[in-house]
Number of protein chains: 2
Amino acid sequence: LPNQTHKRLLIRPVDEICSISDILPQTDNWKGTEKFLRSVILLKYIREENVRTNKILEFHHPAEMLQLIDLEIPEKPQNLEHLVKCCEEVLRLGVRTGHPRFFNQISCGLDLVSMAGEWLTATANTNMFTYEIAPVFILMEKAVMKRMWEAIGWDVETADGIFAPGGAIANLYALSTARHALYPHSKYVGLKDVPTLCVFTSEDSHYSIKSAAAVCGIGSDFCFNIPTDNAGKMIPEALEVKIIESKKDGLVPLFVCCTAGTTVYGACDPIEKVADICKRHKIWLHVDAAWGGGLLLSPEYRYKLAGIERANSVTWNPHKLMGALLQCSACLFRQDGLLFQCNQMSADYLFMQDKPYDVSYDTGDKAIQCGRHNDVFKLWLMWKSKGMEGYRQQVNRLMDLAGYFTQRIRETEGYELVIDPPEFLNICFWYVPNNLRELDPVERKARLEKIAPKIKARMMERGTTMVGYQPDKQRPNFFRMIISNQAITKDDLDFLIEEIIDIGETL
Amino acid sequence: LPNQTHKRLLIRPVDEICSISDILPQTDNWKGTEKFLRSVILLKYIREENVRTNKILEFHHPAEMLQLIDLEIPEKPQNLEHLVKCCEEVLRLGVRTGHPRFFNQISCGLDLVSMAGEWLTATANTNMFTYEIAPVFILMEKAVMKRMWEAIGWDVETADGIFAPGGAIANLYALSTARHALYPHSKYVGLKDVPTLCVFTSEDSHYSIKSAAAVCGIGSDFCFNIPTDNAGKMIPEALEVKIIESKKDGLVPLFVCCTAGTTVYGACDPIEKVADICKRHKIWLHVDAAWGGGLLLSPEYRYKLAGIERANSVTWNPHKLMGALLQCSACLFRQDGLLFQCNQMSADYLFMQDKPYDVSYDTGDKAIQCGRHNDVFKLWLMWKSKGMEGYRQQVNRLMDLAGYFTQRIRETEGYELVIDPPEFLNICFWYVPNNLRELDPVERKARLEKIAPKIKARMMERGTTMVGYQPDKQRPNFFRMIISNQAITKDDLDFLIEEIIDIGETL
């Protein structure tokens, strides 16, 4: 057993002056503490990230990267100066996802108000399970969800929801709650004696629906992919055929997922028609609006999600279109109470019922998680900064930019749209270099398959811009442009078009 | 559709000078941006939180709280000055979980290096699913896990793991992976045609094991609670009896969870003996070391987890004993590959195989989540600051303080230990006010039940300190002291003892 020589100022390496033993709470040396914290304030990084001519990344292969930065956890404590240098190195070798020309992900950009909110969240460092230790944040979660329920079109008095760590877990919440609503007993006795359940989602939907079916014990093979039309939208007639077929096979249709904003094409499934089918067959309707949810904030574009108020549950990630920092995702329910019934485990040793305040505010029993990160403050602060009006303008402006970019792609030689017109902020296109344009279709397609990966690799070496690509069905690799960073201007879009031509013609 | 009047500087309310349209990326006004960011730097809060005589909280009931702060999302944009005021209000009305006398949770304290790490994480704002967009952080995750695998005693060449949003999800990962290892086909076809599975965990274990069984479709009734001894440790003989019984009943034992550091008593189950039983019956052994995992960093105390290297999976939350900011939790696996096989959904549209780098570094296919928050940097930076040596000293020092506090409780009139000696950093005790001491046992117990909630309520009104309480089995409500904040000194422990007497005698 350790002897009594352990003192408070224990971590002071002999040859280093400023170590963690010089800062709070190891000492009450406020000056040293302040100096350290000020040195990690990231203003310089933020400023440089916003300069368009600065590189987005300095690409290195994993093996090279391991030579450039010492990631090992050392035996001995490191001094603060070294830590600050580590921070600089990590930022230098990372990817500037807030750069105005980073178009690679659906979640792009760095909203500085949301970032300030996340700094405060870190400093407040609390857990969202009880009012006792997160009084303001628990109430805030409800105030924010109220706006989201309103945007969906639900009665805010009887709606429910929870912030979840990402859209995949939000979809898992939805599926698990739907299962509970239909077979509440399965919470206790499992799926063994329940009829074989099945789930329906479009072939273009996010893979997390299939994953949730696997986790829940339903099985990914019982998550049926419904075909989509040329625009990437679920074909409602095909859905109904599959539902009827599954019933004939003795299965119980449990859950239909409509996607509002698919990952690749940004397509919105026809919610009204799907809701009619779900009503006819009495099936839980979930809308995965992880990406498209933000459209609800624009009176001009919310029609794309018409019918969403008929859903039983909705996934909506404010870290996508709304631009909140990662991560910020909500799973929302039309009917209050189900989430609690589904997840409550009566852990009275954590969620005591004899507290001095109204314990109905505690959220621990509604969650699959026990500890839950505070994801609401960064959203709340950002939403306050913009107001409903600001978001309306932001969404409309991004849609305008998408229209501009689409038109530029249509008009520029060598470019071809995969889906025309795109319906949302994903614009999928090929760039066909000059020397491929006259080839016969088979060879052209075979060679085109390799073009996007090559351009992307060169783009990452240059570090000037980043945009994703993927193949889909019979289509060879194409680029997927995402316009969600509020920093984007028309010039940035023009830049991308020129840069791809520049790289593509020198391959 | 929106017309073309939407300009870049769109969000400028007429009567406000400094709004978000005055900061990046809406303008290139760096001065305004810098001013805003500097104004939210939280140095003042951090300094005040560390002053012991400052209050931990200003308690208000939910209805009062809603009067004190305007949580509504407004129609119009709010100016930056107002946002900064909002931040101040939120901090003022919150709970100072980093205060040296906040003993309420297993996760306490505010390590400033970890906090600086979280600030950087927010600013870097990236997603952990691919090397492409998180090259340094992906490699860092592996470097940090390597130290964790070593601490457990596994071969680092063949171990695996993932950072998960909290211990409950980490336990869900473990259970789902165990199911996959035994019945890989269930991923595709569900549990319908699999024998009835069952899970074993101690009656003192965390409720998330039961919750995971419910989510996975096994059912919470098939999660069997194994009795514990007087110290709160699982009784291995009782486990084996239950396993044999379940087999006789036609069930298939899937998963045994050993807890290393139970939530209430901090007890560590006898892992070696349980591992022998699991070996005999060929059952997956999981160790939920969410709380106790940090003990592995102390050569003096790691014997409490002896046998953990025999586990198939381990949950370990660095946001608990190691003091990382919330949240930081890992689910670790002895055998590489299973996690990938279990969760991979072949989403080639996200995790392309024709990238210019070695895609085996991409972690997206190993996760239930798609987007995944970067929880590793704050841990890595903090661990660098302390080194292995610093953590050894920190853990030993906390154990020393627990010994000191236990001795003080033993010696101070009116106090009684619930379990003596406590084995870890949870010290559970009653305070019996003077006027209860001579009562007959039945009445004493009935009245004692109400003492801890009353003292806690008064404590929250005073705001001087915070410590949790709960009942357990036949025991009336008792306090659960947690010594995990590295800021704690002996004086703080003495203070708690005096404060409880002071409140308890004036009830």
Quiz item: In region B:371-388, what residues are on the phi > 0 side of the Ramachandran plot and more than 8 Å from chain A (Cβ to nearest Cβ)?
Solution: none
Practice problem: Scan region A:330-348 and give yes if some residue there is among the acidic types (Asp, Glu), surrounded by 23 or more Cβ atoms within 10 Å (Cβ to Cβ), modelled with pLDDT of 95 or more and not in a helix (DSSP H, G or I), otherwise no. | Solution: no
Self-check item: region B:177-202 - residue that is at the interface with another protein chain (Cβ under 8 Å from one of its Cβ atoms) and hydroxyl-bearing (Ser, Thr, Tyr) and, of those, surrounded by the fewest Cβ atoms within 10 Å (Cβ to Cβ)
Solution: B:188
Practice problem: Could you look through region A:426-473, keep only residues that are in a helix (DSSP H, G or I), surrounded by 15 or more Cβ atoms within 10 Å (Cβ to Cβ) and of a type in the set (A, V, I, L, M, F, W, C), and pick out the one that is farthest from the other protein chains (Cβ to nearest Cβ)? | Solution: A:436
Quiz item: Hey, any hits in region A:492-502 for a residue that's within 13 Å of chain B (Cβ to nearest Cβ), under 25 Å from residue B:24 (Cα atoms) and of a type outside the set (Lys, Arg)?
Solution: yes
Quiz item: Is at least one residue of region B:144-162 of a type in the set (Lys, Arg), modelled with pLDDT of 95 or more and surrounded by fewer than 24 Cβ atoms within 10 Å (Cβ to Cβ)?
Solution: yes
Quiz item: Picking from A:391, A:404, which residue would you name as being within 12 Å of chain B (Cβ to nearest Cβ) and over 29 Å from residue A:172 (Cα atoms)?
Solution: A:404
Exercise. Scan B:269, B:221, B:193 and give me the residue that is at pLDDT below 95 and either touching a helix residue (DSSP H, G or I) at 6+ places or on another chain (Cβ under 9 Å) or among the small types (Gly, Ala, Ser) (or both).
Key: B:193
Quiz item: Has region A:279-286 got at least one residue that is basic (Lys, Arg), in a helix (DSSP H, G or I), more than 23 Å from residue A:403 (Cβ to Cβ) and in contact with a helix residue (DSSP H, G or I) (Cβ under 6 Å, 6 or more places away or on another chain)?
Solution: no
Self-check item: Failed item in (1) assigned to a loop (DSSP other than H, G, I, E, B); (2) within 12 Å of chain A (Cβ to nearest Cβ); (3) surrounded by fewer than 24 Cβ atoms within 10 Å (Cβ to Cβ), with residue B:319 passing the rest
Solution: (3)
Quiz item: Within region A:19-72, can you find the residues that are more than 27 Å from residue B:50 (Cβ to Cβ), within 7 Å of another protein chain (Cβ to nearest Cβ) and without any contact (Cβ under 8 Å) to a residue 24 or more places away in the chain?
Solution: A:47, A:61, A:62, A:66, A:71, A:72
Self-check item: Among (1) surrounded by fewer than 24 Cβ atoms within 10 Å (Cβ to Cβ); (2) in contact with a Ser or Thr (Cβ under 8 Å, 6 or more places away or on another chain); (3) not in a helix (DSSP H, G or I), the one test that residue B:95 misses
Solution: (1)
Exercise. Give A:168, A:231, A:238, A:174 a once-over and let me know the one that is more than 8 Å from chain B (Cβ to nearest Cβ), crowded, with 24+ Cβ neighbours inside 10 Å, farther than 20 Å from residue B:222 by Cα and small (Gly, Ala, Ser).
Key: A:174
Exercise. Could you grab me the full set of residues in region A:144-160 that are within 21 Å of the chain's Cα centre (by Cα) and closer than 23 Å to residue A:299 by Cα?
Key: A:144, A:145, A:146, A:147, A:148, A:149, A:151, A:152
Quiz item: For region B:86-114, how many residues are within 7 Å of chain A (Cβ to nearest Cβ) and closer than 21 Å to residue B:293 by Cβ?
Solution: 6
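The values are calculated or read from the model by the stated rules, or taken from the named source; none is laboratory data. What you are looking at is a predicted structure, and each value in this text was computed from that prediction instead of being measured. Backbone-built Cβ (ideal geometry, glycine too); neighbour counts: all protein chains shown.
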